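Here the structure comes first, spelled out in structure tokens, and everything after it is commentary.
The values are calculated or read from the model by the stated rules, or taken from the named source; none is laboratory data. Given the structure is predicted, the values throughout are model-derived calculations rather than measurements. Every residue, glycine as well, gets a Cβ built from its backbone with ideal geometry; the counts of neighbours run over all protein chains shown.
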Amino acid sequence: MLLEKELPGLALDLASPSPQALGALFPAKTSGVWLEIGFGGAEHLIWQARNNPDIGVIGCEVFEDGIVKAVAAIEEHGLANVRLSASDAREVLRWLPEGSLQRVFILFPDPWPKKRHLKRRLISKSLFDLLARVMAPGGELRIATDIGDYAGAVLQAVSAQGMFEWQANGPSDWRERGPDWPQTRYEAKARAQGRRCHFLRFLRDGRPPAATIGLPGTS
């Protein structure tokens, strides 16, 4: 079976300490490490890995179907710069060393549209606290959603957390993807159903993360 054969060599070992130099997860020297949370069908994850061979790319996905698609694509394209985790992304974020990521993608997360399910949404101030710790100053966070109120909730959570700066000067900055931001199947489905997509970009500011995260031993 593909997963039994290939996944052990690709999976993060969260039971062991994370390497202080995160590039050590990959066989070749990397100029940085990126993370995609909830990569779904893996098309964006694989596109980024293929088009940025000097970057180590970590993908988190809790659903086995997505993991299978990612492993198959990694094998098909002979990619050595991808690592995977089927664990909850928040566990991965707690495992990663401080300031170790240069870019993070969260594309079309489950919106949990019913009011009674809002607490199940991935994106919240607590998630941004975790991201602030693991992202390097100047690191870029990309979030996409086809749900207008979710986009608003993202901006509220960013404002409450305080360590990410929204990169937008006009409507085109959140209505259009950049050239290095390929379409996913979820975006195509949303557009086919007439929903407007929102593409949000944030930069991690330069302050030390522990000051606002409340880590043990800090004020």
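Considering only helices (runs of 4 or more DSSP H) fully contained in region 1-80, which possess at least 2 residues that are of a type outside the set (A, V, I, L, M, F, W, C) and buried (at least 17 other Cβ atoms within 10 Å of the Cβ)? Write out each step before concluding.
Details: elements: 2-10, 43-51, 64-77.
The qualifying helices (runs of 4 or more DSSP H) are 43-51, 64-77.
Kindly list, by first and then second residue, each pair from a residue in region 138-162 that is in contact (Cβ under 8 Å) with a residue 24 or more places away in the chain to a residue that is among the β-branched types (Val, Ile, Thr) and in a helix (DSSP H, G or I), limited to pairs with Cβ atoms under 6 Å and residues at least 6 apart or on different chains.
Filtered contacts from region 138-162: Ile143/Val154.
Quick one: which of Glu43, Glu4, Glu61, Glu36 is among the acidic types (Asp, Glu) and in contact with a Cys (Cβ under 8 Å, 6 or more places away or on another chain)? Before the answer, list the steps.
Values: Glu43 fails: in contact with a Cys (Cβ under 8 Å, 6 or more places away or on another chain); Glu4 fails: in contact with a Cys (Cβ under 8 Å, 6 or more places away or on another chain); Glu61 fails: in contact with a Cys (Cβ under 8 Å, 6 or more places away or on another chain).
When all the criteria are applied, what remains is Glu36.
Which numbered condition in (1) surrounded by 17 or more Cβ atoms within 10 Å (Cβ to Cβ); (2) part of a helix (DSSP H, G or I) is the only one that Gly99 fails?
All conditions pass for Gly99, except number (2).
Could you tell me how many of the residues in region 81-96 are of a type in the set (Lys, Arg) and either over 14 Å from the mean Cα position of the chain (by Cα) or assigned to a strand (DSSP E or B) (or both)?
Quick first cut of region 81-96, residues of a type in the set (Lys, Arg) only: 83, 90, 94.
Okay, now just the ones that are also either over 14 Å from the mean Cα position of the chain (by Cα) or assigned to a strand (DSSP E or B) (or both), so 83.
The number of residues fulfilling the criteria is 1.
Here's the yes/no breakdown for (1) free of Cβ contacts under 8 Å to residues at least 24 places away in the same chain; (2) touching a Lys or Arg at 6+ places or on another chain (Cβ under 6 Å); (3) closer than 25 Å to Leu127 by Cβ:
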site	(1), (2), (3)
Leu14	no, no, yes
Pro17	yes, no, yes
Phe39	no, no, yes
Ala42	no, yes, yes
Leu45	no, no, yes
Ile67	no, no, yes
Val71	no, no, no
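I'd like to know if region 82-89 contains one or more residues that are modelled with pLDDT of 95 or more and touching a Ser or Thr at 6+ places or on another chain (Cβ under 8 Å).
No, there is no match, as no residue in region 82-89 is modelled with pLDDT of 95 or more and touching a Ser or Thr at 6+ places or on another chain (Cβ under 8 Å).
Given the conditions (1) within 14 Å of the chain's Cα centre (by Cα); (2) modelled with pLDDT of 95 or more, report the number of the one that Pro109 does not fulfil.
(2)
In the list Asp54, Asp110, Asp65, which residue meets the criterion of being acidic (Asp, Glu), within 29 Å of Leu155 (Cβ to Cβ) and out of contact with any Gly (no Cβ under 7 Å at 6 or more places or on another chain)?
Values: Asp54 fails: within 29 Å of Leu155 (Cβ to Cβ); Asp65 fails: within 29 Å of Leu155 (Cβ to Cβ).
Within the list Asp54, Asp110, Asp65, the selection yields Asp110.
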